[in-house]
Structures are given as C-alpha cells and as structure tokens.
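Colleague: Okay, here's the structure, questions in a sec.
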Amino acid sequence: MINRRTVVKSLGAFLAAGTGMLPGVAVAEKLEVFVTSKGIAINGYDPVAYFTQGEPVEGSEEHSAMWKRTRWYFSSAENRALFVADPEKYAPQYGGYCAFAVSRGYTAPTVPEAWTITNDKLYLNFSLGVRDTWKRNMEENISKADDNWPEVVH
C-alpha cells in the first residue's frame, strides 16, 4: 500500500527535477504559500470569502494582490482591500498547505472545499476526508502543526 507521505515526497522530487508543470500543485522551491504552477495562491480562491461569505469563492485576476512573493485572487475589490489591510488575519494557516499534513511533518496541496475556521483562523486540507480526520482532534493537530511550521517548507 502506498502512503500519502511517500506520494507527496515523490511528487516533490519530481517537481524539484525541474518540471513544475502540474497545475494546482505546490512548486519545487517550496514557497511559504501553496501555489498553482502559475504562482497563484490557494488555487485562485478568495481567502477573505471564507470569513465573509462562509464558503469558498473563486477570485479573479482583476482583483489580485501580491503578498509573500505570491499572487492572491479575490472575488471583489472590497475583499482585496480587507486582505491588503491585514493579510495575516485572512491568509490560511501554514501558507494554505494542508493543515493535517503539516501536523504530521510534511506538506500537501489543498482543495478549496476542505476548509475550517476556528479561533478566527482559516485552515485548508487535502480533501474533505482529510478535513474530517483533522477536525476529530483539531486542537492537538493545530499544536503539532504550529510546532512543525515553518520547518516543513525549508
């Protein structure tokens, strides 16, 4: 049986070999932020919308901003302004990498639908199933992820 950690490490090695051509997958240099192959944060979704609308909402290039060497998309000028004024408040924890993976000492990509807000912080996960696992022991998982971050991206 292949475990997720092996797959993620293998994918990292593949990307490090110089391809970096897979859409929606973190790039080889392991930025502090999970980006697509086009350098767009968190799959082009608006991080502010999780807080203001309570759901994932696609952003657009029209309403974008740079933060942490990464382009972020927003669904409106208002959401862009909120983010620019206080990016730490709205940006997902662990750069938008899978929070559960970070709690286990590695990174993994995320999907927009697998999200949780707790204690006014946004957490993204690899899948809805992983999010369910994450939520079963969220306090401990957050503590472990906080301890592991940012070493997992360096």
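Colleague: Compute the separation of the alpha-carbon centres of segment 49-101 and segment 113-144 and state it in Å as a whole number.
Modeller: 17
Colleague: Determine the gain in length on full extension of the stretch residue 64-residue 77; use 0.36 nm per residue of separation and subtract their C-alpha separation, reporting nm with one decimal.
Modeller: On the way: separation 13, 0.36 × 13 = 4.68 nm, distance 0.85 nm.
Contour length minus the Cα-Cα distance gives 3.8 nm.
Values quoted throughout were computed directly from the atomic coordinates according to the rules given, and no laboratory measurement underlies them. These figures come from a predicted structure and were not determined experimentally.
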